[in-house]
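Here is the structure we will look at.
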Amino acid sequence: MNKDQVKGVGEQVKGKVNETVGKVTGNKSQELKGDVQQGLGKAQKAAGDVREDIKKNDQP
(Lines give C-alpha, C1' and ligand atoms only; values in the text may rest on other atoms or scores of the structure.)
Protein backbone atom coordinates (compact mmCIF):
# COMPACT_ATOMS: atom_id res chain seq x y z
CA MET A 1 0.00 0.00 0.00
CA ASN A 2 1.43 3.38 -0.98
CA LYS A 3 0.91 6.89 0.36
CA ASP A 4 -1.67 7.82 -2.29
CA GLN A 5 -3.84 4.89 -1.32
CA VAL A 6 -3.64 5.77 2.37
CA LYS A 7 -4.28 9.48 1.85
CA GLY A 8 -7.12 8.71 -0.54
CA VAL A 9 -8.90 6.50 1.97
CA GLY A 10 -8.34 9.15 4.65
CA GLU A 11 -9.98 11.80 2.46
CA GLN A 12 -12.90 9.49 1.78
CA VAL A 13 -13.44 9.00 5.51
CA LYS A 14 -13.21 12.73 6.25
CA GLY A 15 -15.58 13.40 3.40
CA LYS A 16 -18.12 10.90 4.69
CA VAL A 17 -17.97 12.51 8.14
CA ASN A 18 -18.48 15.99 6.67
CA GLU A 19 -21.34 14.76 4.50
CA THR A 20 -23.07 13.06 7.44
CA VAL A 21 -22.65 16.08 9.72
CA GLY A 22 -23.97 18.31 6.95
CA LYS A 23 -27.05 16.12 6.51
CA VAL A 24 -27.74 15.95 10.25
CA THR A 25 -27.36 19.69 10.76
CA GLY A 26 -29.03 20.68 7.49
CA ASN A 27 -25.85 22.41 6.33
CA LYS A 28 -25.86 21.91 2.55
CA SER A 29 -22.45 23.54 2.18
CA GLN A 30 -20.79 21.06 4.53
CA GLU A 31 -22.66 18.18 2.90
CA LEU A 32 -21.36 19.27 -0.52
CA LYS A 33 -17.84 19.67 0.86
CA GLY A 34 -18.03 16.08 2.08
CA ASP A 35 -19.16 14.85 -1.31
CA VAL A 36 -16.25 16.64 -2.98
CA GLN A 37 -13.76 15.26 -0.44
CA GLN A 38 -15.01 11.75 -1.06
CA GLY A 39 -14.61 12.18 -4.81
CA LEU A 40 -11.08 13.51 -4.45
CA GLY A 41 -10.23 10.69 -2.07
CA LYS A 42 -11.51 8.08 -4.51
CA ALA A 43 -9.44 9.62 -7.31
CA GLN A 44 -6.30 9.71 -5.18
CA LYS A 45 -6.79 6.10 -4.08
CA ALA A 46 -7.35 5.04 -7.70
CA ALA A 47 -4.07 6.72 -8.68
CA GLY A 48 -2.34 4.84 -5.89
CA ASP A 49 -3.92 1.59 -7.04
CA VAL A 50 -2.56 2.15 -10.55
CA ARG A 51 0.92 2.84 -9.15
CA GLU A 52 0.77 -0.39 -7.15
CA ASP A 53 -0.35 -2.38 -10.20
CA ILE A 54 2.49 -0.96 -12.27
CA LYS A 55 4.97 -1.72 -9.49
CA LYS A 56 3.73 -5.33 -9.20
CA ASN A 57 3.86 -5.89 -12.96
CA ASP A 58 7.42 -4.54 -13.24
CA GLN A 59 8.81 -7.07 -10.78
CA PRO A 60 10.33 -10.20 -12.35
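The values are calculated or read from the model by the stated rules, or taken from the named source; none is laboratory data. These figures come from a predicted structure and were not determined experimentally. Note: ideal-geometry Cβ built from the backbone for every residue, glycine included; neighbour counts use all protein chains shown.
Brief remarks follow.
Quick grid of which residues meet (1) modelled with pLDDT of 95 or more; (2) out of contact with any strand residue (DSSP E or B) (no Cβ under 7 Å at 6 or more places or on another chain); (3) part of a helix (DSSP H, G or I); (4) surrounded by fewer than 14 Cβ atoms within 10 Å (Cβ to Cβ):
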| residue | (1), (2), (3), (4) |
| --- | --- |
| Gly8 | yes, yes, yes, no |
| Lys16 | yes, yes, yes, no |
| Glu19 | yes, yes, yes, no |
| Val24 | yes, yes, yes, yes |
| Lys33 | yes, yes, yes, no |
| Lys42 | yes, yes, yes, no |
| Ile54 | no, yes, yes, yes |
| Asn57 | no, yes, yes, yes |
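- Look at the stretch 38-58: where a residue is touching a residue at least 40 places away in the same chain (Cβ under 8 Å) and of a type in the set (S, T, N, Q) and a partner is assigned to a helix (DSSP H, G or I) and surrounded by 13 or more Cβ atoms within 10 Å (Cβ to Cβ), sitting 6+ places away or on another chain with Cβ atoms under 7 Å, you get Gln44/Asp4; Gln44/Lys7; Gln44/Gly8; Gln44/Glu11.
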